[in-house]
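The values are calculated or read from the model by the stated rules, or taken from the named source; none is laboratory data. Computed from a predicted model, the values in this text were never measured in an experiment. No Cβ is skipped: glycine too gets one built from the backbone with ideal geometry, and neighbour counts run over all protein chains shown. Side chains are part of the model used for accessible areas, which takes the heavy atoms of the whole protein and leaves out ligands, DNA and RNA. Shrake-Rupley method; radii C 1.70, N 1.55, O 1.52, S 1.80 Å.
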Amino acid sequence: MDHTNGRNHSGRKQWNNSKRSQDRRGRREPATKEDIENQEAIRTFKMNTPDCPMCGKPILELSSALSDKTTGAPVHFDCVLEQLQNTEKLSPGQSIVYIGQGRFGVVVFPQPHDMRNFTIQRIIEWEPRDKKIEWRSEIAGLYSQVK
């Protein structure tokens, strides 16, 4: 690099970001007592892994779990999907997919190679929309520490 005009050998302007990078480093403020308590609460909550009532295995990712229809306890998403596939009567070409908010849909893909185009033929309400799920509210309360 030619040090007289700030350009490299190809004539392009060369930027020196080392000063900016140094300014960004070390600007992290020390954790407050409240931050430490919040992190500890999250760690404790993650260590308490409930067992899935459908398969008996621990639920390691509560964020992807659904609630059991009868007890409201967390269940594996895959266990719910498997149960629905075993109990719902599907016609050829129909599939069960998760459509959000605790609901599944029986869908048809007119062109099986194009998963963007589909028709929902029936909605399966797995989680009641009007009922607040306690364990999910606890997760949200731990993770969303908006001040």
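Data overview
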quantity: Number of the exception - residue 56 against (1) closer than 30 Å to residue 39 by Cα; (2) in contact (Cβ under 8 Å) with a residue 12 or more places away in the chain; (3) out of contact with any Pro (no Cβ under 7 Å at 6 or more places or on another chain); calculated: (2)
quantity: Selected residue (criterion: modelled with the highest pLDDT) from residues of the stretch 111-133 that are open to solvent by less than 80 Å² (accessible area, probe 1.4 Å) and more than 21 Å from residue 87 (Cβ to Cβ); calculated: 119
quantity: Options 48, 86: the member that is free of Cβ contacts under 8 Å to residues at least 60 places away in the same chain and over 15 Å from residue 126 (Cβ atoms); calculated: 48
quantity: Positions within the stretch 65-93 being part of a loop (DSSP other than H, G, I, E, B) and either of a type outside the set (A, V, I, L, M, F, W, C) or open to solvent by 40 Å² or more (accessible area, probe 1.4 Å) (or both), in sequence order; calculated: 68, 69, 70, 71, 72, 76, 88, 89, 90, 91, 92, 93
quantity: Residue selected from the stretch 45-61 under the condition part of a loop (DSSP other than H, G, I, E, B) and at pLDDT below 85, by the criterion surrounded by the most Cβ atoms within 10 Å (Cβ to Cβ); calculated: 49
